[in-house]
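Here's the structure, in structure tokens; my notes come after.
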Amino acid sequence: MSGTDSRTALAVGDAATRRVLLVDDEPDVARGLARLLERAGFEVVAVTAVVDALRAIDQREFDTVVSDINMPGQNGIELLRNIRRKDLDLPVLLITGAPSLETAVRAVDLGAMKYLSKPIDPDELVATVRRSTQLCRLARAKRAALSLLGNPAGEASGRAGLEASFERALASLWMAFQPIVRARDGSIFGYEALLRCDEPSLPHPGAMLDAAERLDALPRLTDTIRARVAAHAADADPGWSLFMNLHPADLLDAGRIARDPHFRGIAPRMVVEITERAALESVGDVGPRISELREAGCRIAIDDLGAGYAGLTSFIQLEPDVVKLDMALVRDVHLRPVKRRLIRSVVDLCHEMEMLVVAEGIESNDEREVLVELGCDLLQGFLLGRPAPPFAVPTW
Ligand code: G
Ligand code: MN
């Protein structure tokens with residue numbers, strides 16, 4: 001018996017009852033792959049068009065989808081997108097001659113499990129499908145266990161559950177504001193608006209942004225945030241600056257923000273924070289996108305400076321008005337001469353370019369004293385005031 005035969009024989013045992021949906025517009029290819037998978041013990045439904053695939057998924061539960069990318073009418077990426085609207089766990093394996101970079105990026109975004117290149121290696125196909133059906137079963141078992149234990153996070157992993165969680169989060173969304181004070185005299189320079197919600201299955205802002213991303217609802221979320229910040233701005237002292245974080249996706253659609261009437265109304269008081277990571281990820285595009293925001297009258301801040309990314313690319317592109325030192329750089333600065341030297345040179349350079357420097361994440365008086373001495377203009381952190389409903393008076 002050859003190696004392939006023994007593997008196939010094994011597969012029959014452990015893959016029984018696992019159901020695979022196969023999509024390929026060429027009937028011969030579909031038939032060939034179906035036969036291969038059936039021999040390995042899978043139950044296979046083969047279709048030749050995306051519409052038929054979606055109908056099949058509505059009718060019964062599959063453990064894995066294997067789909068060609070290039071097909072007339074709707075293609076494999078569109079199938080993947082449609083599947084993700086309904087089911088976040090169902091693995092999708094894509095078959096392609098040579099994926100373009102753009103297709104690959106889109107597919108990864110949508111949670112494609114793996115690419116299989118043509119010509120298909122039968123052993124690789126069987127092994128990959130076996131693995132992905134196992135992962136699918138595991139994901140479903142995990143979800144069932146979590147909801148059995150009454151954990152709302154279990155609910156949130158299914159599409160419908162996640163939608164419900166997201167809607168509850170949006171309904172309970174509120175903005176916390178954390179004070180940013182002048183190093184010179186402790187007076188209030190402004191506040192950073194921070195996303196909060198009372199939905200237990202999305203316990204921190206990152207989880208809520210993640211959910212919005214998976215549900216294609218980011219614009220809805222960021223529009224809501226801007227509307228809330230604008231509403232609060234009416235109660236804020238007109239002399240305060242209001243800092244707001246921009247999601248990297250917002251950056252790709254900066255025109256939409258620049259035109260948003262909520263934003264336009266408060267733009268001159270706004271400092272838009274762009275995390276250094278986002279600025280670097282989309283090198284080449286950021287400058288022009290930012291200029292639309294600047295024309296609306298707001299200032300630009302680089303957030304999380306020093307958060308593991310070296311280089312000055314973001315500076316050159318953004319010419320920020322404000323630079324926020326990452327809290328990792330700030331932590332224990334009184335005990336770390338290397339951090340002090342680094343901060344000193346950043347501060348000197350920023351001042352030369354007429355940029356304000358914010359030290360964020362300050363938790364102790366020792367840190368605060370050193371940062372003031374190093375020339376930081378503005379201070380933010382739990383020591384000075386925690387994020388709280390608007391507009392709490394700083395504690396320090
Ligand atoms: O990435 P960004 O700098 O926008 O992150 C701000 C986050 O940091 C907020 O969620 C806020 O609650 C948190 N934060 C603010 N001040 C402090 C602090 O002094 N210490 C710590 N650990 N976190 C802080
Ligand atoms: Mn920030």
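Summary table below
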{"item": "Percentage of interatomic Cα-Cα distances in segment 14-83 larger than 20 Å", "result": "23"}
{"item": "21 Å tail of the calculated P(r), segment 25-140, as % of Cα pairs", "result": "30"}
{"item": "Ranked by how many other beta carbons lie within 10 Å on average, peptides 332-338, 171-177, 238-244 from highest", "result": "238-244, 171-177, 332-338"}
{"item": "19 Å Cα-Cα reach of Lys324 towards lysines, excluding residues that sit fewer than 8 places from it in its own chain", "result": "Lys339"}
{"item": "Evaluated over segment 316-378, the Cα radius of gyration and Dmax, each in Å", "result": "11.1, 35"}
{"item": "Simple Cβ-charge dipole of segment 157-275, Lys/Arg +1 and Asp/Glu -1, about Cα centre, in debye nearest 20", "result": "240"}
{"item": "Kirkwood Rh and Cα Rg combined as Rg/Rh, segment 188-306", "result": "0.95"}
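Quick note: the coordinates plus some simple rules give every number you see, no bench work behind them. This structure is a prediction, so every number in the text was calculated from the model and none was measured. Reconstructed Cβ throughout: ideal geometry from the backbone, glycine too, with neighbour counts over all protein chains shown.
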